[in-house]
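The values are calculated or read from the model by the stated rules, or taken from the named source; none is laboratory data. Source: prediction; values computed, not measured. The accessibility values were calculated without ligands, DNA or RNA, using every heavy atom of the protein model including side chains. Shrake-Rupley method; radii C 1.70, N 1.55, O 1.52, S 1.80 Å.
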Amino acid sequence: GDSVTQTEGLVTLTEGLPVMLNCTYQSTYSPFLFWYVQHLNEAPKLLLKSFTDNKRPEHQGFHATLHKSSSSFHLQKSSAQLSDSALYYCAFPYGNEKITFGAGTKLTIKP
Amino acid sequence: EAAVTQSPRSKVAVTGGKVTLSCHQTNNHDYMYWYRQDTGHGLRLIHYSYVADSTEKGDIPDGYKASRPSQENFSLILELASLSQTAVYFCASSDDRSSYEQYFGPGTRLTVL
């Protein structure tokens, strides 16, 4: 069935280093892929959404490229900031306006 | 700005008791959802609704009921709360115009003792 996999449960990085969070998916049909971010004691909110025309979405320094050949939508940032510490979810829509979320990756940035 | 509110923000319930979690949205969205969040499992869909007076089962509906009395309101009901239902519960809304983007409420932390 349709699913999304985030292989890293916990990622700890030093400030200034590059970030890459992995996301792979299995879907018979997925028009979009998303990254949601959830800061401590806050609600999840949309960070990025893939485009259908292969443009690379970017927001707050984060970007992600949809690779249909490898069914991946990894999240990247060139230089981590302390404020990037949060829980990150990869997700895609399925069925009728439903979203399936990965298990999440907790990113911790240390000084 | 889209707005989804939830009440209560936290609750302690006893095993076997009835719990009702409420959600209200002012986005004029057709779709509303209930998720539970557990460490290691991410966000899992419990129930959702695309129109008032109708609800649909999500991926983990067992032990939960839902009610959508109006477009703005969506409740999650635990008739017989169990220890395993201790979690954080999020309500969300979306519609066709938002292209699947989900707007989440602040969450309700439920502890069942």
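With an 8 Å cut-off on Cα pairs and a minimum separation of 6 or more residues, tell me the relative contact order of chain B in percent.
With pairs under 8 Å counted, the relative contact order is 35 percent.
Using only the alpha-carbon atoms of chain B, report the extent along each of the three principal axes, biggest first, to the nearest angstrom.
Taking the Cα atoms of chain B, the three principal extents are 41, 29, 24 Å.
Do the alpha carbons of any pairs in A:LYS106/B:LYS65; A:LYS45/B:LYS18; A:LYS45/B:LYS57; A:LYS45/A:LYS68; A:LYS77/B:LYS57 sit beyond 32 Å of each other, and which pairs?
Values: A:LYS106/B:LYS65 30 Å; A:LYS45/B:LYS18 30 Å; A:LYS45/B:LYS57 23 Å; A:LYS45/A:LYS68 24 Å; A:LYS77/B:LYS57 37 Å.
Pairs exceeding 32 Å: A:LYS77/B:LYS57.
What does the range B:60-109 give for Rg and for Dmax, in Å, if only its C-alpha atoms count?
Values for the range B:60-109 (Cα only, Rg and Dmax): 12.8, 38 Å.
Carbon and sulfur: what percent of chain B's accessible surface (1.4 Å probe)?
On the way: 2540 of 5250 Å².
Of the solvent-accessible surface of chain B, carbon and sulfur hold 48 percent.
Output the relative contact order of chain A, whole-number percent, from Cα pairs under 8 angstrom with separation of 6+ residues.
Relative contact order here is 37 percent.
Report, by chain and number, residues whose modeled amide H sits under 5 Å from the one on A:ALA103, excluding near sequence neighbours (fewer than 5 apart, same chain).
Those lying under 5 Å, H to H, from A:ALA103 are A:GLN6.
Could you report the buried accessible area between B and A, both sides summed, computed with a 1.4 Å probe and given in Å² to the nearest 100?
Between B and A, the summed buried area is about 1800 Å².
Which value, in Å², gives the accessible area per residue of chain B when a 1.4 Å probe is used on the protein heavy atoms?
Value for chain B: 46 Å² per residue.
Kindly tabulate the residues in the range B:30-70 with an accessible-area decrease of at least 20 Å² between the chain alone and the assembly of all protein chains, using a probe of 1.4 Å.
For the range B:30-70, once contacts with the other chains are taken into account, B:TYR31, B:TYR33, B:TYR35, B:GLN37, B:GLY40, B:GLY42, B:LEU43, B:LEU45, B:TYR48, B:ASP59 lose 20 Å² or more.
So what does log10 I(q)/I(0) come out to for the protein assembly as shown at q = 0.16, 0.17, 0.18 Å⁻¹, using the Debye formula with one equal point on every Cα and no solvent?
At q = 0.16, 0.17, 0.18 Å⁻¹ the computed log10 ratios are -1.11, -1.22, -1.33.
For B:VAL51, A:VAL19, give the ranking by accessible area with the largest first, probe 1.4 Å.
Numbers: B:VAL51 70, A:VAL19 5 Å².
Descending accessible area places them as B:VAL51, A:VAL19.
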